[in-house]
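The values are calculated or read from the model by the stated rules, or taken from the named source; none is laboratory data. What you are looking at is a predicted structure, and each value in this text was computed from that prediction instead of being measured. Positions of Cβ are generated from backbone atoms using ideal geometry, with glycine treated the same way; all protein chains shown enter the neighbour counts.
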Amino acid sequence: MTVAGDSEVVLADAPATRERFPWQTRGFTINCHSGREIEGRWSGVPIAPVAEAAQFPPETTHLLLTADDGYRVCIDAWFGLDGFVGFVCEELTVEGGEAYALRETPRFLAPEIDSSRTIRNLSAIEAIELQPGEDARDYETGH
């Protein structure tokens, strides 16, 4: 997946990503639109150091998150920079487990973002600047 600011960074569940960025494990609860609640320990990288490496411009106001299928959400950068790109969720990787089908990764996760705004099969994060009065929802696609 790519992270774009003034430069571009590629993230993957691979040694190069683990060597370049702090690989961490964090707990998140996801309340899926299907009504299912998933509590899990995700391994991946925090957004802040990746944003620095991608040279997000200082005027960045929002992060545009895009999934493989074109689904997009636009979130406030203030909250998005506290986010996390999860590549592995221990609870979702148990084959035959109840949530195994929901393991699509990478997934954007953040503590202050409603889990309906998290995104799975993440393919891109782009730093954008919205003008006053501009609506972030105009950048989003429905699902």
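Per-structure values
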read-out: Residues located in the stretch 77-102, provided they are among the small types (Gly, Ala, Ser), modelled with pLDDT under 75 and surrounded by 14 or more Cβ atoms within 10 Å (Cβ to Cβ); value: Ala99
read-out: Residues satisfying the stated conditions in the stretch 110-136, i.e. loosely packed, with under 15 Cβ neighbours inside 10 Å and more than 25 Å from Arg36 (Cα to Cα); value: Glu129, Gln131, Pro132, Gly133, Glu134, Asp135
read-out: In the stretch 112-143, residue farthest from Ala51 (Cα to Cα) [restricted to those that are of a type in the set (A, V, I, L, M) and not in a strand (DSSP E or B)]; value: Ala136
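The rows are residues; the columns are (1) over 30 Å from Glu129 (Cβ atoms); (2) of a type in the set (Asp, Glu).
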site: Glu8; (1), (2): no, yes
site: Ala12; (1), (2): no, no
site: Pro15; (1), (2): yes, no
site: Arg18; (1), (2): yes, no
site: Phe28; (1), (2): no, no
site: Ala51; (1), (2): no, no
